[in-house]
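Enquirer: Mind looking over this structure? Questions follow.
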Amino acid sequence: MPEADNPVPLPPGLDLLWGRRERGKRGPRAGLSADAIVAAAIEIADSEGLEAVSMARVAHKLGFTTMSLYRHVASKEELLQLMWEASTFGAEELVLEGDGWRPRLRMWAIIQRQVLDHHPWITQLPMASPPAGPNSLLFVERALETFDGTCLGDSDKLRVIGLLSSYSLSEARMARDAALARAQAQSGEGIQAAPPTFEAVLRELVDEKTYPRLYRLAWQGDSATEATGEFEEYLAGIDIILDGVAALIERAREGESG
């Protein structure tokens, strides 16, 4: 581990979040801060999408010049990182309920999906590496806690958390894109035809000889699946993942006892 007097340099953004860089000093006009800038950017992103967020747009919303923002936030890339961190505010107070690891981890995944649905612009953020701000890491810590008392190794715990997060991000993005497509179909002059469902596309394209299984899915369908909504399908996927986690934990337990 690095010595306390020789800390590892943090990338821009993380250094601000972890107090390794001095926050911008107040200028001649009060009211501008990194927190205010992030809050304004999130308001814009929530209402108009991430593409609407720019330093100039945020400055205009706050009533400051664009250059004044750079005294507090070094770049748009740093602003995006701060926005991501702010979306996990409250992680330190998160209490996961349930008897055993499974209901608590399921609740953790649902909360993550709810955050993504509340701030759909998160699915558009660059994700070259996992978020590492204080709130984000506390959220991961809460997930790791659900495995206390199991035989699962630390590396497998992180793999499970990463898998659940990737699944939630993917499903939230598809739900967002579908909602945008529906909104676009209803915009303009009159209501246009909504985009066809995947099943409708399959019925148009696949024949029984070449694609017998897809053909069966397209024309026979699954009444249970058809009766559920998008979020219920998301939960079904979570439960399938957790079934695999249960098998992984059991295998680890058998390895210890053997």
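Enquirer: Within the range 50-59, identify whether any single residue is of a type in the set (Asp, Glu), within 17 Å of residue 126 (Cβ to Cβ) and out of contact with any Cys (no Cβ under 7 Å at 6 or more places or on another chain), and answer yes or no.
Expert: Yes, there is a match, as at least one residue in the range 50-59 is of a type in the set (Asp, Glu), within 17 Å of residue 126 (Cβ to Cβ) and out of contact with any Cys (no Cβ under 7 Å at 6 or more places or on another chain).
Enquirer: Looking only at the range 76-90, which residues are part of a helix (DSSP H, G or I) and surrounded by 20 or more Cβ atoms within 10 Å (Cβ to Cβ)?
Expert: The answer is 78, 79, 80, 81, 82, 83, 84, 85.
Enquirer: Here's something else I'd like to know. Which of (1) under 30 Å from residue 99 (Cβ atoms); (2) among the acidic types (Asp, Glu); (3) free of Cβ contacts under 8 Å to residues at least 12 places away in the same chain is the odd one out, the single condition residue 145 does not satisfy?
Expert: (3)
Enquirer: May I ask you to list the residues in the range 94-103 that are at pLDDT 95 or above and touching a Phe, Trp or Tyr at 6+ places or on another chain (Cβ under 9 Å)?
Expert: Across the range 94-103, the qualifying residue is only 101.
Enquirer: Then there's this: Tell me which residues, restricted to the range 15-40, are assigned to a loop (DSSP other than H, G, I, E, B) and either surrounded by 12 or more Cβ atoms within 10 Å (Cβ to Cβ) or modelled with pLDDT of 80 or more (or both).
Expert: 18, 19, 20, 21, 23, 24, 26, 27, 32, 33
Enquirer: While we're here: Do we have residue 172 as of a type outside the set (Phe, Trp, Tyr), in a helix (DSSP H, G or I) and loosely packed, with under 13 Cβ neighbours inside 10 Å here?
Expert: Judged against the criteria, residue 172 is not a match.
The values are calculated or read from the model by the stated rules, or taken from the named source; none is laboratory data. What you see is a predicted model, and the numbers here were worked out from it, not measured in a lab. A quick note on method: Cβ atoms are made from the backbone with ideal geometry, for glycine too, and the neighbour counts reach across all protein chains shown.
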